[in-house]
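Down below is the structure, laid out as structure tokens.
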Amino acid sequence: MANLSNFVANENHVMNDALNNSAIKKKFTEFLETGNYRKTPERFAILKKTLSFSNTFTIEQLNTQLEDEAYHVSRATVYNTVELLTKAGILHKLCIEGLPTQYEKVTSVNYTHLICKKCGKIKNVKDSNLERYMNAKKFNAFQSSFYVMCVYGVCNACARKIKKNNIQKQ
């Protein structure tokens, strides 16, 4: 019975993703029409690929994934389409010092990025206390829709390497 409930939960998740992706595709189509941009198959292929990422990604990672699937698109088209997806409110641009620009899907979920300054690894965490505080916070003449907070430090894996290197030096 547990396997069946897991299957149903997974199918519901897949269905919700498909419905959500359909709404996102519609939003992008409306954005392109309103802005008098061309609706090309390349743009929609890039949109589809960006929606398949579960975490942040770089233009290089996106381009590699497209190439791996034998979908050849110019680098300029990838950059321009990602910029359009950002303007449309579908992607969020994340600029982290010392790392290539990263992108992620815009969601209504508030979260915190934990960013390792050594290896660049990004971990997303939810903090219910911070979320309650931010939801209660009123900004003068401004209505927030979501927040993304970045906390910089050193991840456990890098901290262990640093500790190991310090012990070996002694």
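The values are calculated or read from the model by the stated rules, or taken from the named source; none is laboratory data. Owing to the predicted nature of the structure, the values given are computational and were not obtained by experimental measurement. Don't worry about glycine lacking a Cβ; one is built from the backbone with ideal geometry, like all the others, and counts go over all protein chains shown. Quick note on the areas: whole protein, heavy atoms, side chains included, nothing else; ligands and nucleic acids left out. Shrake-Rupley method; radii C 1.70, N 1.55, O 1.52, S 1.80 Å.
Quick check: at a probe of 1.4 Å, how many percent of the accessible area of the chain sits on carbon and sulfur atoms? Write down the numbers at each step before the final one.
Working: 6200 of 11880 Å².
About 52 percent, which is the carbon plus sulfur part of the accessible surface.
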Label-point separation in nm, Glu33 to Arg132, each point 7 Å along Cα→Cβ: 4.4
task: Could you pull out every residue, at least 5 positions away or on a different chain, whose amide H is within less than 5 Å of the one on Asp127? Hs are placed 1.01 Å off N in the peptide plane, and Pro or chain starts have none.
output: Thr112
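Pull out the extension gain between Asn140 and Asn124, defined as 0.36 nm times the separation in residues minus the alpha carbon to alpha carbon distance; nm, one decimal. Don't skip to the end; give the middle numbers.
Numbers: separation 16, 0.36 × 16 = 5.76 nm, distance 2.84 nm.
Result: 2.9 nm gained on full extension.
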- request: List the residues whose amide H sits under 5 Å from the amide H of Leu91, counting only those 5 or more places along or on another chain, with H placed 1.01 Å from N in the peptide plane.
  value: Thr86, Val106
statement: Computed for the chain: size of charge dipole around the Cα centre, +1 on C-beta of each Lys and Arg, -1 on C-beta of each Asp and Glu, debye to nearest 20, value 780
- prompt: Of Asn63, Leu130, Pro41, which is farthest on the positive side of the dipole of the chain, counting Cα position, with +1 on Lys and Arg Cβ, -1 on Asp and Glu Cβ, and the Cα centre as origin?
  reply: Leu130
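For Phe28, Phe139, Phe53, what's the largest-to-smallest order of accessible area, 1.4 Å probe?
Solvent-accessible surface, decreasing: Phe139, Phe53, Phe28.
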field: Protection-proxy order for peptides 140-149, 95-104, 76-85, each taking the mean of Cβ atoms within 10 Å per residue, highest first
entry: 76-85, 95-104, 140-149
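Mind checking the full-extension length gain between Gln168 and Cys95? Use 0.36 nm per residue of separation minus the Cα-Cα distance, one decimal, nm. Please report the intermediate quantities before stating the final value.
Numbers: separation 73, 0.36 × 73 = 26.28 nm, distance 3.51 nm.
Using 0.36 nm per residue and subtracting the Cα-Cα distance, I get 22.8 nm.
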field: Accessible solvent surface per residue of the chain, calculated while the other protein chains remain in place, 1.4 angstrom probe, Å²
entry: 70
task: Check the straight Cα-Cα distances from Lys123 and name the lysines below 20 Å, setting aside those fewer than 8 residues away within the same chain.
output: Lys93, Lys105, Lys161
- line: Between the Cα axis of helix 75-87 and the main Cα principal axis of the chain, the angle (0 to 90°, nearest 10) is 90
